[in-house]
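Trainee: Once you've had a glance at the structure underneath, I'll fire off some questions.
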Protein chains: 2
Amino acid sequence: MTTDIDVRVCEVGLRDGIQGIDQFFPTDKKKAWIRSEAAAGVPEIEVCSFVPPSVSGQFVDCEEVIEDALTLEGLEVSALVPNLRGAQRGFATGVHKLSFVLSISESHNQANVRCSREDSLEQFRQIAELRNSTPENKKVTLGVGLATALGCTIEGQIDPGEIVRIAERVLELGADELSVSDTVGYANPTQVRDVYRLLRRHLGDDVLLSAHFHDTRGLGLANVHAALEEGVRQFDASLAGLGGCPFAPGASGNIVMDDLVFMLEAMGLNTGVDIDALVAVREIVAAGLPEEPLLGAIAKAGVPKGFIPAAA
Amino acid sequence: MTTDIDVRVCEVGLRDGIQGIDQFFPTDKKKAWIRSEAAAGVPEIEVCSFVPPSVSGQFVDCEEVIEDALTLEGLEVSALVPNLRGAQRGFATGVHKLSFVLSISESHNQANVRCSREDSLEQFRQIAELRNSTPENKKVTLGVGLATALGCTIEGQIDPGEIVRIAERVLELGADELSVSDTVGYANPTQVRDVYRLLRRHLGDDVLLSAHFHDTRGLGLANVHAALEEGVRQFDASLAGLGGCPFAPGASGNIVMDDLVFMLEAMGLNTGVDIDALVAVREIVAAGLPEEPLLGAIAKAGVPKGFIPAAA
């Protein structure tokens, strides 16, 4: 189902979507969510974050969740790692991809992972070294999420030159792909086009650049459209838009996976995802997080009459 | 304030936003809404619809609302007219612009205004004749809203050739501007680009083409971005996204004016609108329609730290 896709979507609800939610999402329901969404055709799922239990109680079951996800044929299983210790745990699981996160904003990096960007870069250097140390580890893809690349709640606007600088550093150190992250939902479509163009000019055409957008200010899918126009073909999203910002009550979180898939398919871009099967997975999320509001338009309104998916 | 604007926004909440709401929006609150939004810098407001009271009780106060709005300096006051009788009432008020509506979908035109598209075209011919009949009427701009141009809940997909055909007809008959309307929220960005390109090719560069999008399936602002890329510089929207579809409970209505203005200003496109003053107008809407959900992201999340409006 995931062959010949035009745009690759990655579900991050199980990581970014639930990391700020106090209520524990039960392990069996996490597994059911992953299984159902993989069955709907989603090619990649970030299933957890290797943070210490003291940071979030949501991810005490990383190893068990990954073990189950790795049994699903065709699914790329990824996990977030904030530091070397997390990466060590990650490599031990046999997960397909580890996504290291650091912030373009120095203040946000301090707030998020309690160290300087230079310290984060040093951690990533060691992670890349660890990746190259054994044949098993070498199979693992190393992604880097460039958090707050498009704006920061502490520093405000971000100098695009800093994105280029950090991107070049992590590529030198061994990153396989980069995710430009609008962590706090500050981006607008003009900025998105400008930043991807700048990165392409400096990094060349061969570097895989994906996009991680939040819908906090309503521009999530407009920003996706802008990124598409710059040739971006890989997007993170969260089913039902889980992941609202704790500093903006009622505000939206990650872009809504179901609406993203609808937009792409309506535009004639094959995602490999069955939209009806995807929308049905929302029931598992609702059962696992009964108090959390589920966002998204297509689940309420349904697809247009006569709608034809891209692959049809 | 409205000089040197890059993109012109038109508030349609007082017409499209409330036409499907049973609860009567009090006349004094309509006036307050118009006054406040004009003061915030919105250059055009569609203040009512000249439908018979049997169709909607929401617009029994058209004449009084228009009379008040016409006292506001710099504001273009417009009203919707579904037929010749409505236009006769409209011309009598001295309103600046009348927007005639007909559907590209034959079935939708029958359902919406209870006559064939040919009958609607004949009504528009008579309206244009009436416009040219007196010096006072000649000052009135005649717009035409091409409803269901991008999809129809009855007929599904719409042949773009039909948009061109009807557009050419109404231009021949005397329309000054055309609004491409995604009445039911079916459009996607690729379609939007294709349709505006097609219209430009057939109608030439001199015809004013605006956009009227709904956010029913979450793609409203992505479609705005696509239209911007095709050179569209005039957009309808509804404060707080009023105007949800009665056939899709909980679904969004018109694109949210406050979010639209935020997007445009963030992109460096001057709208002439003060975003804070605009968001404050939501309180008047809330007071007038206490039972109606108010949508929109920017009102919840606030503008980004360090946000600079386009005109600054």
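Trainee: Condition first: more than 18 Å from residue A:40 (Cβ to Cβ) and crowded, with 18+ Cβ neighbours inside 10 Å. Now tell me which residues in the stretch A:298-310 satisfy that.
Mentor: A:300, A:301, A:304
Trainee: Of the residues A:269, A:295, only one is touching a strand residue (DSSP E or B) at 6+ places or on another chain (Cβ under 6 Å) and assigned to a loop (DSSP other than H, G, I, E, B); which?
Mentor: A:295
Trainee: OK, next. Go through the residues of the stretch A:161-176 one by one and say whether even a single one is in contact (Cβ under 8 Å) with a residue 60 or more places away in the chain, surrounded by 14 or more Cβ atoms within 10 Å (Cβ to Cβ) and assigned to a strand (DSSP E or B).
Mentor: No - not one qualifying residue is present in the stretch A:161-176.
Trainee: Also, quick follow-up: In this structure, does residue B:252 turn out to be of a type in the set (S, T, N, Q) and at pLDDT below 95?
Mentor: The answer is yes for residue B:252.
Trainee: Name the single residue, out of those in the stretch B:29-51 being part of a loop (DSSP other than H, G, I, E, B) and of a type in the set (Val, Ile, Thr), that is nearest to the chain's Cα centre (by Cα). Talk me through it step by step, then tell me what you get.
Mentor: In the first step, residues of the stretch B:29-51 are kept if they are part of a loop (DSSP other than H, G, I, E, B); the result is B:40-43, B:50-51.
Cutting the leftovers down to of a type in the set (Val, Ile, Thr) gives us B:42, B:51.
On the way: B:42: 13, B:51: 16 Å.
The selected residue is B:42.
Trainee: Only one of these conditions is not met by residue A:240: (1) surrounded by fewer than 17 Cβ atoms within 10 Å (Cβ to Cβ); (2) of a type in the set (A, V, I, L, M); (3) in a helix (DSSP H, G or I); (4) within 14 Å of chain B (Cβ to nearest Cβ). Which number is it?
Mentor: All conditions are met except number (1).
Trainee: With the condition being in contact (Cβ under 8 Å) with a residue 40 or more places away in the chain and either over 16 Å from residue A:176 (Cβ atoms) or of a type in the set (Asp, Glu) (or both), I'd like the helices (runs of 4 or more DSSP H) fully within the stretch A:52-124 carrying at least 2 qualifying residues. Break it down stepwise before answering.
Mentor: On the way: elements: A:62-69, A:84-93, A:106-113.
Output list reads A:84-93, A:106-113.
Trainee: Only one of these conditions is not met by residue B:232: (1) assigned to a helix (DSSP H, G or I); (2) out of contact with any Pro (no Cβ under 6 Å at 6 or more places or on another chain). Which number is it?
Mentor: (1) is the only condition that residue B:232 fails.
Trainee: Could you look through the stretch A:182-196, keep only residues that are out of contact with any Gly (no Cβ under 9 Å at 6 or more places or on another chain) and of a type in the set (D, E, K, R), and pick out the one that is nearest to residue A:225 (Cα to Cα)?
Mentor: Residue satisfying both the conditions and the ranking: A:193.
Trainee: If residue B:142 passes every condition in (1) under 27 Å from residue B:65 (Cβ atoms); (2) buried (at least 17 other Cβ atoms within 10 Å of the Cβ); (3) at pLDDT below 95 but one, which one does it miss?
Mentor: All conditions are met except number (3).
Trainee: Give the residue, chosen from B:273, B:224, B:261, that is in contact with a Leu (Cβ under 9 Å, 6 or more places away or on another chain), of a type outside the set (S, T, N, Q), more than 14 Å from every other protein chain (Cβ to nearest Cβ) and crowded, with 24+ Cβ neighbours inside 10 Å.
Mentor: B:273
Trainee: Would you check which residues across the stretch B:177-197 are closer than 19 Å to residue A:266 by Cα and more than 14 Å from chain A (Cβ to nearest Cβ) and list them?
Mentor: Once the filter is applied, which keeps residues that are closer than 19 Å to residue A:266 by Cα and more than 14 Å from chain A (Cβ to nearest Cβ), the stretch B:177-197 yields B:180, B:181, B:196, B:197.
Trainee: Restricting the search to the stretch B:82-98, which residues are of a type in the set (Gly, Ala, Ser) and within 19 Å of residue B:19 (Cα to Cα)?
Mentor: B:86, B:87, B:90
Trainee: Does the stretch A:135-150 contain at least one residue that is more than 19 Å from the chain's Cα centre (by Cα), closer than 18 Å to residue A:89 by Cα and assigned to a loop (DSSP other than H, G, I, E, B)?
Mentor: Yes, that holds for at least one residue.
Trainee: Filtering the stretch B:6-24 down to residues that are in a loop (DSSP other than H, G, I, E, B) and modelled with pLDDT of 95 or more, which residue is surrounded by the fewest Cβ atoms within 10 Å (Cβ to Cβ)?
Mentor: For the stretch B:6-24, the residue satisfying everything is B:6.
The values are calculated or read from the model by the stated rules, or taken from the named source; none is laboratory data. Everything numeric in this text was worked out from a predicted model, so none of it was measured. Here Cβ is always computed from backbone atoms with ideal geometry, including for glycine, and neighbour counts include all displayed protein chains.
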